[in-house]
Amino acid sequence: MTEPRENLVPAGISRTDGTVHTLFFTLRLPHPVEQVWRAVATPEGLEGWLAAADVLEPRLGGAVTLRWLNGGGAHQGRITAWDVERVAEYTLGGVHGRIRCHLEPATTLRFTNEFDGDDALRLDCLAGWHDHFLHLLDALDGRPMTGEAWQAWTPERWRSLRERYAAR
């Protein structure tokens, strides 16, 4: 029997301080750091698993606008940390807050997302990131999301993941 696809991404964990939530995911990826960096820090890479980077100025303080292609809208912000092939951090307005991708040798991606909101939003975001990381695995394996695939996206897997996080 094969393992459920959702289990390919280890469950995220969270820490809450008042209404500020910090989510943590650690992914060990069998891909070169350069390939993962392109996926998390270039417009072409981001579009294959997360969002269209309508604006991405690859430097500390640079502007960034990410437009979620699964219906989540566009959010503007700044690049608040940038160390080529190591750290890409985007701080966005709206619900997404601070998004940090930290790459380590042997290709470990340490991901954090810090935002302000209620517990329902915390569960929504845990499930949402888990779902996006499944898309990241596909993109790294040469099967990125395309415009057509984003149009066909449905929230069914996200709902299932949210139920799993709520039950934890």
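The values are calculated or read from the model by the stated rules, or taken from the named source; none is laboratory data. Here the structure is a predicted model, which is why all the values come from computation and not from measurement. When we count neighbours, we look across all protein chains shown, and the Cβ atoms used for this are built from the backbone with ideal geometry, even at glycine. With ligands, DNA and RNA removed, areas are computed over all heavy atoms of the protein, side chains included. Shrake-Rupley method; radii C 1.70, N 1.55, O 1.52, S 1.80 Å.
Before moving on, here are some points about what is shown:
- Dipole in debye (nearest 20) - the range 1-158, about Cα centre, beta carbon charges: Lys, Arg +1; Asp, Glu -1: 240 debye
- The phi torsions of the range 85-100, fed into the Karplus equation with coefficients 6.51, -1.76 and 1.60 and a -60° offset, translate into couplings of 6, 10, 9, 10, 10, 10, 10, 10, x, x, 6, 7, x, 9, 10, 10 Hz, rounded to whole numbers, with Gly and Pro shown as x.
- Residues whose amide H lies under 5 Å from that of Gly62, counting only those 5 or more places away or on a different chain, are Ile79; hydrogens are built 1.01 Å from N in the peptide plane.
- Counting only protein heavy atoms and a 1.4 Å probe, the chain has 50 square angstrom of accessible area per residue.
- Between Val55 and Thr65, the built amide H atoms are under 5 Å apart, and every one of these is 5 or more places off in sequence or on another chain.
- The chain - share of DSSP beta bridges that are antiparallel (%, nearest 5): 100 percent
- Charge dipole of the chain about the Cα centre (unit charges at C-beta), most positive-ward option of Ala167, Leu123, Gln151: Ala167
- Couplings 3J(HN,Hα) for the range 122-133, derived from phi with the Karplus relation 6.51 cos²θ - 1.76 cosθ + 1.60 (θ = phi - 60°), are 4, 5, 4, 6, 4, 5, x, 5, 4, 4, 5, 5 Hz, where x marks Gly and Pro.
- Derived scalar couplings ³J(HN,Hα) [the range 57-73; Karplus, 6.51 cos²θ - 1.76 cosθ + 1.60; whole Hz; x for Gly, Pro]: 9, x, 6, 4, x, x, 6, 9, 10, 10, 10, 5, 8, 9, x, x, x
- Under the shape rule built on the C-alpha gyration tensor, where the axes satisfy a ≥ b ≥ c, the range 1-52 is oblate, since a/c reaches at least 1.5 while a/b does not exceed b/c.
- With all protein chains in place and a 1.4 Å probe, the accessible surface of the chain carries 52 percent carbon and sulfur.
- From the alpha carbon centroid of the range 146-168 to that of the range 76-118 is 21 Å.
- Among (1) 16.0, 53; (2) 15.0, 48; (3) 22.6, 94, the entry derived from the coordinates for Rg and Dmax of the Cα atoms in Å: (2)
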